[in-house]
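The values are calculated or read from the model by the stated rules, or taken from the named source; none is laboratory data. Note that the structure is predicted; figures quoted are calculated from it, not measured. Note that we place each Cβ from the backbone using ideal geometry, even for glycine, and neighbour counts take in every protein chain shown. Side chains included, ligands, DNA and RNA excluded: accessible areas come from the protein's heavy atoms. Shrake-Rupley method; radii C 1.70, N 1.55, O 1.52, S 1.80 Å.
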Amino acid sequence: MNDLTGDSAPRRRWRAAVVTGTAAALAACTVLLLPGTSNAATTLGASAAERGRYFGVAIAGGRLSDTQYTTIANREFNMVTAENEMKLDATEPNQNQFSFSSGDRIVNWAISNGKQVRGHTLAWHSQQPGWMQNMSGTALRNAMLNHVTRVATYYRGKIHSWDVVNEAFADGSSGARRDSNLQRTGNDWIEAAFRAARAADPGAKLCYNDYNTDNWSHAKTQAVYRMVQDFKQRGVPIDCVGFQAHFNSGNPVPNNYHTTLQNFADLGVDVQITELDIEGSGSSQAEQYRGIVQACLAVTRCNGITVWGVRDSDSWRASGTPLLFNGSGQKKAAYDAVLAALNSGQPGPGPSGSPSSSPTGQPGGSCTATYSEGQKWNDRFNGQVTVTGSDNWIVTVTVSPPQRMIATWNVSATWDSSGNVMTGRPNGNGNAFGFTVQHGGNWNWPALACRTA
């Protein structure tokens, strides 16, 4: 992601999509809505933390002297991404001469204010310093790996997640890698970057980050999915996938967004929404923001959301008013929708293991709900949930449209208004229960969350 002086033009070549009823479709993916309480969290970061997630923001170092800017950022967010200050041209302006002062300013501000940091980014075809742009072949490969190693080593222990590689796939229908100087060093360059990052900072989560990968049916999304699947099968160290999530009227939030997040999570990686902004205003913008949050909350391994800027006037797309605060620093309808969606989500520690297992600690104890496949037919399938850790559990099971739960057993079940979220409690028949899902062509496993009563 660039500021307005970078390669913002390619960012505006949004993949066109015709979507109707987007907000309604995404709302159907929400987790169980809990009754409002007077002690509901009043900031985005606090509410996300109650759900075991973070809500972050991209920070520009040059705006840290703006009191309104820092007051909002400090109050509302618990994760920080440097907008440009940790990219290649900023950290290694001359070969083997590293400059960390700008990045340090943001990292130190974040840590001193009790926030975590996402590192952005270690290897990218864009915003390369001039010396790197003029290199190729083995020399470029070695320079790239040296950059990854030196920067990740310098910030070791301070980074929650690194965008190790950014935007390596081409737009369009080819599903091909982007033709870049890095790609021309060999098709294994992404793998090499991840291995170097793991060696340099074993404690950070390592992410692949890209844009226009939101729609599950698009070729670019499928290509990234196949790469992550291959990496997981071969033991390449990848922990997370970042979805930039830049939306506008020509590229609205797709109605299969939850499916995309869940399918990647099912590979055994965390999913993170990394650069969220949605052009527009009023209720339309607010409902799209709400849907994004609900989709994330419905996926156990969606562990965080970051908006790309504080106020509309700070955005690289300022004319589209895409953020949660207006240019005067006032909360917009989109802010209210996001906070309400967060406060309605299930409390819990967030993703810590398999996407089919969600332990949640409460004062009365903790529990884990584990999913296992049952019998399958052409139009439906059975699933079973086994609960451990408590006999006094509440399990929510969320199916994704067009799926529909048509039968349950060994559980006392209720449904939310969408019909897609079932809440189960013990009915005296033990700690295992089952259900039948009419899948409508969607074979994805349901999402689970467990808490104690």
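Evaluated against (1) open to solvent by 40 Å² or more (accessible area, probe 1.4 Å); (2) touching a strand residue (DSSP E or B) at 6+ places or on another chain (Cβ under 9 Å); (3) of a type in the set (S, T, Y), S126 falls short on exactly one condition, (1). Considering the stretch 60-75, the residues that are in contact (Cβ under 8 Å) with a residue 60 or more places away in the chain and either in contact with a Phe, Trp or Tyr (Cβ under 6 Å, 6 or more places away or on another chain) or open to solvent by less than 10 Å² (accessible area, probe 1.4 Å) (or both) include one that is farthest from N134 (Cα to Cα), namely I72. Kindly indicate whether Y208 is in a strand (DSSP E or B), closer than 21 Å to E191 by Cβ and of a type in the set (F, W, Y). In short, yes. Figure legend. Inter-residue proximity from the stretch 100-124: first residues within 19 Å of G309 (Cβ to Cβ) and at pLDDT below 95, second residues open to solvent by less than 70 Å² (accessible area, probe 1.4 Å) and part of a helix (DSSP H, G or I), beta-carbon distance below 6 Å, spacing 6+ or different chains. Indicated pairs: N113/N74. For the stretch 302-329, the set of residues classified as in a loop (DSSP other than H, G, I, E, B) and either modelled with pLDDT under 95 or open to solvent by less than 30 Å² (accessible area, probe 1.4 Å) (or both) consists of W308, G309, V310, S315, W316, R317, P322, L323, L324, G329, listed by residue number. Considered as a group, the residues in the stretch 211-230 that are open to solvent by 10 Å² or more (accessible area, probe 1.4 Å) and part of a helix (DSSP H, G or I) include one that is nearest to S173 (Cα to Cα), and that residue is A219. Anything in the stretch 174-186 that is farther than 17 Å from K220 by Cβ and either surrounded by fewer than 13 Cβ atoms within 10 Å (Cβ to Cβ) or among the small types (G, A, S) (or both)? List them, or say none. Result: G186, single match.
The number of residues in the stretch 37-59 being closer than 17 Å to Y335 by Cα, of a type in the set (S, T, Y) and either surrounded by fewer than 21 Cβ atoms within 10 Å (Cβ to Cβ) or in contact with an Asp or Glu (Cβ under 8 Å, 6 or more places away or on another chain) (or both) comes to 2. Going through (1) small (G, A, S); (2) out of contact with any Ser or Thr (no Cβ under 7 Å at 6 or more places or on another chain); (3) outside any loop (DSSP other than H, G, I, E, B) one by one, G291 falls short only on (2).
Residues considered: D163, D239, D171. Of these, the only one that is touching a Cys at 6+ places or on another chain (Cβ under 9 Å), surrounded by fewer than 23 Cβ atoms within 10 Å (Cβ to Cβ) and touching a residue at least 60 places away in the same chain (Cβ under 8 Å) is D239.
Rundown of residues vs (1) outside any strand (DSSP E or B); (2) crowded, with 21+ Cβ neighbours inside 10 Å; (3) touching a Cys at 6+ places or on another chain (Cβ under 8 Å); (4) of a type outside the set (G, A, S), yes/no style:
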| site | (1), (2), (3), (4) |
| --- | --- |
| E85 | yes, yes, no, yes |
| S99 | yes, no, no, no |
| D104 | yes, no, no, yes |
| W109 | yes, no, no, yes |
| W131 | yes, no, no, yes |
| T138 | yes, no, no, yes |
| A152 | yes, yes, no, no |
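Considering every residue within the stretch 386-402, establish whether at least one is modelled with pLDDT of 85 or more, touching a Lys or Arg at 6+ places or on another chain (Cβ under 6 Å) and within 25 Å of F264 (Cα to Cα). No - not one qualifying residue is present in the stretch 386-402. Listed conditions (1) touching a Phe, Trp or Tyr at 6+ places or on another chain (Cβ under 9 Å); (2) closer than 22 Å to R53 by Cα; (3) not in a helix (DSSP H, G or I) are all met by G280, apart from (2).
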